[in-house]
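The values are calculated or read from the model by the stated rules, or taken from the named source; none is laboratory data. Computed from a predicted model, the values in this text were never measured in an experiment. Here the Cβ is made from the backbone with ideal geometry for all residues, glycine too, and neighbour counts use every protein chain on show. When the accessible area is computed, the model is the full protein with side chains, heavy atoms only, and any ligands, DNA or RNA have been set aside. Shrake-Rupley method; radii C 1.70, N 1.55, O 1.52, S 1.80 Å.
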Amino acid sequence: MQELTDLTRELVSVPSHEDETACGDAIERWLREETDADVTRDDHGNVVARKGEGTSLALVGHHDVVPPDESQEDAGEYVVEERDGRLYGRGTADMKGAVAASMLAFRDADPAGELVFVSFVGEETGGEGARGAIEDGFVPDYAIVGEGSTNYSGDDVTDVVVAHKGRRASTVVARGSASHASEPEAGVNAVYRACDAVDVIRDLDVPTADVFGERLSGSVVVTEIDGGSAWNVVPERCEVTVDERTVPGEYADLSRVESVEGVEWVLEQDLPPMACDDEAFAETVLDAATAAQENSPELVTKPHATDAGWLAGAGTTCVICGASEPGEAHTKDESVSLSVLERCYEIYRGAAESWPDA
């Protein structure tokens, strides 16, 4: 499908790691030229298009990317190369390829209800575009988020993700009082208090959740520790960084660290998890995925947070289905399979034409 390859190449070539405006312009322009849909650009920079009536199904993507490797940028544009059936370049997998597939599926589908296309800004920086749109009232009934779901259950299979983990980033701050190291009893060692807090973290229960028979397990891990000012000074402050992967409905009780005297728990970031709450919708998308490929896709879970978490928290029933494979996103050799992009086009179009089931 040359049109899909060309559109992906066009979107990928436009830099969007610092400013998404130009890429949003390209998406908006294409939708206005190629469809009769109601196309809007909100105050956040998100591009939204709508057609049809009834229960709404959104095809969701984002057109911002993480900063490119030096080899992925040349003369102000991103380098895009095609070889061996794959397209290489920053954003091919995460996730302009899926955005292109969604755009074409949106144009070509005869939807069973209202079909919505949206490409958000700011996904890589905490879901800024999605959160802004939700605050403005954007809450579709259902959504297929085009993040990666390929090669989860097996090779050359695009699965349907029904749940994913969230991420909470925390700082545990231990405070004491300084003294000369030759008289440690004159001070209160903040590093010792931090170590006591770490022991509490190590003993925390890790939450789990089940979604349609799929098990999702969270995790809590200390990733950094920083304290002290000199080799001969009892430290008065020590900070511990904690990475927590959350599951729907459950969190580790990190506030327990405050049982240690002089210790404070500070929540820095909370990217929500996602769980699909409508098995019939998940099965409909799975049927579309089955019809689009020779192998047998499955309902699976995903370890990474996406904009589906924000949408699900607002009341949208979500699944995730997209071309990116594990290990492709954010790498200097990022690439996407062109045949899998075609598969995603077929999945998105098939789901849009069969959901809701009249």
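Only one entry in Val47, Val12, Val39 is touching a Gly at 6+ places or on another chain (Cβ under 7 Å), closer than 25 Å to Gly137 by Cα and in the same structural domain as Gly122 (by the TED database), namely Val47. Restricting attention to the stretch 177-217, the residues that are open to solvent by 40 Å² or more (accessible area, probe 1.4 Å), of a type outside the set (S, T, N, Q) and assigned to a loop (DSSP other than H, G, I, E, B) add up to 8.
Matching residues to (1) open to solvent by 40 Å² or more (accessible area, probe 1.4 Å); (2) among the polar types (S, T, N, Q):
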| site | (1), (2) |
| --- | --- |
| Asp69 | yes, no |
| Gln72 | no, yes |
| Gly85 | yes, no |
| Gly91 | no, no |
| Met95 | no, no |
| Val99 | no, no |
| Arg107 | yes, no |
| Pro111 | no, no |
| Phe117 | no, no |
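Evaluation of Val220 against the conditions (1) modelled with pLDDT under 95; (2) open to solvent by less than 50 Å² (accessible area, probe 1.4 Å) shows that the sole unmet condition is (1).
Taking the criterion of being part of a strand (DSSP E or B), at pLDDT 95 or above, touching a Phe, Trp or Tyr at 6+ places or on another chain (Cβ under 8 Å) and within 21 Å of Phe212 (Cβ to Cβ), would at least one residue in the stretch 318-341 satisfy it?
Yes; the residues of the stretch 318-341 include at least one that is part of a strand (DSSP E or B), at pLDDT 95 or above, touching a Phe, Trp or Tyr at 6+ places or on another chain (Cβ under 8 Å) and within 21 Å of Phe212 (Cβ to Cβ).
Please go through the stretch 128-152 and give me each residue that is in a loop (DSSP other than H, G, I, E, B) and either at pLDDT below 95 or β-branched (Val, Ile, Thr) (or both), ordered by number. Correct list: Val139 only. Regarding the stretch 340-352, can at least one residue be identified that is open to solvent by less than 40 Å² (accessible area, probe 1.4 Å), under 18 Å from the mean Cα position of the chain (by Cα) and assigned by the TED database to the domain that holds Thr158? Yes: the stretch 340-352 contains one or more residues that are open to solvent by less than 40 Å² (accessible area, probe 1.4 Å), under 18 Å from the mean Cα position of the chain (by Cα) and assigned by the TED database to the domain that holds Thr158.
The single condition among (1) out of contact with any strand residue (DSSP E or B) (no Cβ under 9 Å at 6 or more places or on another chain); (2) small (Gly, Ala, Ser); (3) in contact (Cβ under 8 Å) with a residue 60 or more places away in the chain that Ser182 does not meet is (3).
Residue count for the stretch 1-27 under the criterion of being open to solvent by 10 Å² or more (accessible area, probe 1.4 Å), assigned to a loop (DSSP other than H, G, I, E, B) and over 13 Å from Gly97 (Cβ atoms): the result is 6. No other residue among Ala314, Ala288, Ala275 is open to solvent by less than 30 Å² (accessible area, probe 1.4 Å), in contact (Cβ under 8 Å) with a residue 24 or more places away in the chain and of a type in the set (A, V, I, L, M) apart from Ala288.
Can Gly228 be described as touching a Pro at 6+ places or on another chain (Cβ under 9 Å), open to solvent by 40 Å² or more (accessible area, probe 1.4 Å) and not hydroxyl-bearing (Ser, Thr, Tyr)? So Gly228 passes the test.
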